[in-house]
Amino acid sequence: MRILSILKKIHLVIIFLALISAIISCAPTAGIKVVSYPSEKVIKNSLIVASKIKITDIRKDIVNELLRVQITAKNKRDQDFQFEYRFRWLDAKGFEVRTPLSTWNSIYSIAKDNINMSATAPNKDITDFEFVVRFPDRW
């Protein structure tokens, strides 16, 4: 009887771990973030994502009182892949300004090619940005 009880507990633990693994594998991976405040920097939250994409240039300027941003990245791989990105717009105090333009955009990246992603802030109260990359599916 004691052995049967131990086997049931082991079986439950295995099921629990499999469930957790399945949940984690379905979650999107946010892997690279470009932050321009207080100084421009690239934050690599995932070594897997960083092994696929390298941020090579960050440009920003003001056009008609609106912040305009362009991020250039390079596909470091020998294969094509798809990923998602978005710009998070920030006001002068660093608070996020949510807009309909703050959605995830899907992009297809050709092997070893450069990718330009650009956006213009939706209003003149926006003074800064964050740029975030994620992979919707694990590979």
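The values are calculated or read from the model by the stated rules, or taken from the named source; none is laboratory data. None of the values given here were measured: they were computed from a predicted structure. Here the Cβ positions follow ideal geometry from the backbone for every residue, glycine too, while neighbour counts run over all protein chains shown.
Against the definition (modelled with pLDDT under 90, closer than 17 Å to residue 116 by Cα and either in a loop (DSSP other than H, G, I, E, B) or β-branched (Val, Ile, Thr) (or both)), how does residue 48 come out, yes or no? In short, no. Within the stretch 102-139, being among the acidic types (Asp, Glu), within 15 Å of the chain's Cα centre (by Cα) and in a strand (DSSP E or B) holds for one residue alone: 130.
Scanning the stretch 90-98 turns up no residue that is surrounded by 13 or more Cβ atoms within 10 Å (Cβ to Cβ), under 14 Å from residue 50 (Cα atoms) and either without any contact (Cβ under 8 Å) to a residue 60 or more places away in the chain or in contact with a Pro (Cβ under 7 Å, 6 or more places away or on another chain) (or both).
Suppose the filter is more than 17 Å from residue 132 (Cβ to Cβ), surrounded by 15 or more Cβ atoms within 10 Å (Cβ to Cβ), in contact (Cβ under 8 Å) with a residue 24 or more places away in the chain and not hydroxyl-bearing (Ser, Thr, Tyr); does residue 74 pass it? The answer is yes for residue 74.
Each row is one residue, and each column tells you yes or no for (1) modelled with pLDDT of 90 or more; (2) hydroxyl-bearing (Ser, Thr, Tyr).
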site	(1), (2)
89	yes, no
97	yes, no
101	no, no
108	yes, yes
111	yes, no
114	yes, no
118	yes, yes
121	yes, no
